[in-house]
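Beneath this line is the structure, given in structure tokens, with notes to follow.
The values are calculated or read from the model by the stated rules, or taken from the named source; none is laboratory data. Since we're looking at a predicted model, the values are computed, not measured. All Cβ positions, glycine included, derive from the backbone under ideal geometry; neighbour counts span all protein chains shown. For the accessible areas, the whole protein counts, side chains as well, though only heavy atoms, and no ligand, DNA or RNA atoms are used. Shrake-Rupley method; radii C 1.70, N 1.55, O 1.52, S 1.80 Å.
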Amino acid sequence: MEDTHGHRISYLRISITDRCNERCIYCMPQEEQIWLPRADVLDYEEILRIIRIGASLGISKVRITGGEPLTRRNVIWFLEQVSAIEGIRDLGFSTNGTLLTRPLPDGRSTAQGLKDAGVKSINVSLDTLDRATYAKTTGRDLLPDVIEGIDAAQSAGIEKIKLNTVLMRHRNEHELWDLAAFAREHDVLLRFIELMPVSTTEVLTEDNFLSVGEAMALLEFRLGKLIPRPEVKTNGPAAYYEVPDTGQLLGFIGAMTNLHFCETCNKLRLTCEGKLRPCLGSHLEFDMREVLRKPEATDEDVARFFMEVVERKPKEHDFRNNYQPGRRMIAIGG
Ligand code: SAM
Ligand code: SF4
């Protein structure tokens, strides 16, 4: 599948739940949560059908996200089914890391279950190493569980582990070096992400926004001039730089300030209630569940729907001009 701007679409990012065991200030409103009714959320069979059809159209990479995907029941079984789909060569998983050590019914850790189910890479959110700041940012005092979770993922032998840090002035700007040091000690890749206007909470103010440019300047103050490594590519929009003395790679995801951010976009997103979104940063979304749940819908109908959505993919996101109040990241699937 190729859109009208020459983007070849090979990556489908799927939110399997809007539920979460944390309450990150930039992701969820802080008041009481109203979750989607279960019947509105796609069941596993429906998602698997979408992936199978997507794979027949050139989707080769799938990332499972949420909400917190580890809060959905039987997720390991689901991942095993995804891995078995012909054409899916890369299966990734995004998590807040708090549940990776939880034992499965057969005694393995959840992290081991992910590895055994064929998950190739996991992204773990980690905005701070300070327990109090973590509790204030996520609404839960679970930093020790996350650190143990990262260890569990490494012990399980998951090949690629990335840490994602959302940049927030006044909250973690003074910790960027510590986070970089933590990543180096654990031999995992760290990426810094600009805060995006996808929620309504009070943290999303201009005052709290910290650009990747400023983050780099802060890091360079201690680490020396970062060396651009444009040839390093993960499957996404991060730009990588090398720390001069240590060779450590650091990633920077400048959704707001990098004007070339969308040029290499190869992604579609599927929300947990079955809306296909050609771009995270635009209001456009199309109801795939409606097509899927029509008793007479054939795989060809679903495939046509996929292609029509790809044709509507915008050239670039509209975050800078188009603040999106009310559409929480948790519902879209970050
Ligand atoms: N629960 C999992 C987690 O926290 O990694 C997966 C879902 S979460 C929505 C995916 C990613 O989106 C996380 O790395 C999170 O930090 C990021 N995110 C959520 N809201 C954001 C925002 N307003 N701006 C930038 N990143 C955001
Ligand atoms: Fe939950 Fe992840 Fe959103 Fe935090 S960022 S509230 S962990 S879904």
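Does residue 68 count as among the acidic types (Asp, Glu), within 14 Å of ligand 2 (Cβ to nearest atom) and either touching a residue at least 60 places away in the same chain (Cβ under 8 Å) or within 27 Å of residue 234 (Cα to Cα) (or both)? Considered against the rule, which asks whether it is among the acidic types (Asp, Glu), within 14 Å of ligand 2 (Cβ to nearest atom) and either touching a residue at least 60 places away in the same chain (Cβ under 8 Å) or within 27 Å of residue 234 (Cα to Cα) (or both), residue 68 comes out as yes. For residue 151, all conditions in the list (1) assigned to a loop (DSSP other than H, G, I, E, B); (2) open to solvent by 10 Å² or more (accessible area, probe 1.4 Å) hold save one; what is the number of the exception? Looking at each condition in turn, residue 151 falls short on (1).
Is at least one residue of the stretch 13-31 outside any loop (DSSP other than H, G, I, E, B), of a type in the set (Ser, Thr, Tyr) and either in contact with a His (Cβ under 8 Å, 6 or more places away or on another chain) or at pLDDT 95 or above (or both)? Yes - at least one qualifying residue is present in the stretch 13-31. Evaluated against (1) on the phi > 0 side of the Ramachandran plot; (2) open to solvent by 50 Å² or more (accessible area, probe 1.4 Å), residue 118 falls short on exactly one condition, (2). Is it the case, given these coordinates, that residue 84 is hydrophobic (A, V, I, L, M, F, W, C), open to solvent by less than 40 Å² (accessible area, probe 1.4 Å) and at pLDDT 95 or above? So residue 84 does not fit the description; no.
One residue stands out among those in the stretch 177-197 that are aliphatic (A, V, I, L, M) and in a helix (DSSP H, G or I): the one that is surrounded by the fewest Cβ atoms within 10 Å (Cβ to Cβ), which is 181. The strands (runs of 3 or more DSSP E) found wholly in the stretch 199-275 and carrying at least 1 residues that are of a type in the set (Ser, Thr, Tyr) and at pLDDT 75 or above occupy 239-242. Going through (1) within 30 Å of residue 177 (Cβ to Cβ); (2) modelled with pLDDT under 95; (3) in a helix (DSSP H, G or I); (4) not hydroxyl-bearing (Ser, Thr, Tyr) one by one, residue 111 falls short only on (2).
Only one entry in 21, 123 is touching a residue at least 40 places away in the same chain (Cβ under 8 Å), within 14 Å of ligand 1 (Cβ to nearest atom) and surrounded by fewer than 17 Cβ atoms within 10 Å (Cβ to Cβ), namely 21. Suppose the filter is within 16 Å of ligand 2 (Cβ to nearest atom) and not hydroxyl-bearing (Ser, Thr, Tyr); does residue 102 pass it? Taking the combined requirement at face value, the residue satisfies it. For the stretch 140-161, check the following and say yes or no: at least one residue is touching a residue at least 24 places away in the same chain (Cβ under 8 Å), of a type in the set (Lys, Arg), farther than 23 Å from residue 121 by Cβ and within 16 Å of ligand 2 (Cβ to nearest atom). Checked the stretch 140-161: at least one residue is touching a residue at least 24 places away in the same chain (Cβ under 8 Å), of a type in the set (Lys, Arg), farther than 23 Å from residue 121 by Cβ and within 16 Å of ligand 2 (Cβ to nearest atom).
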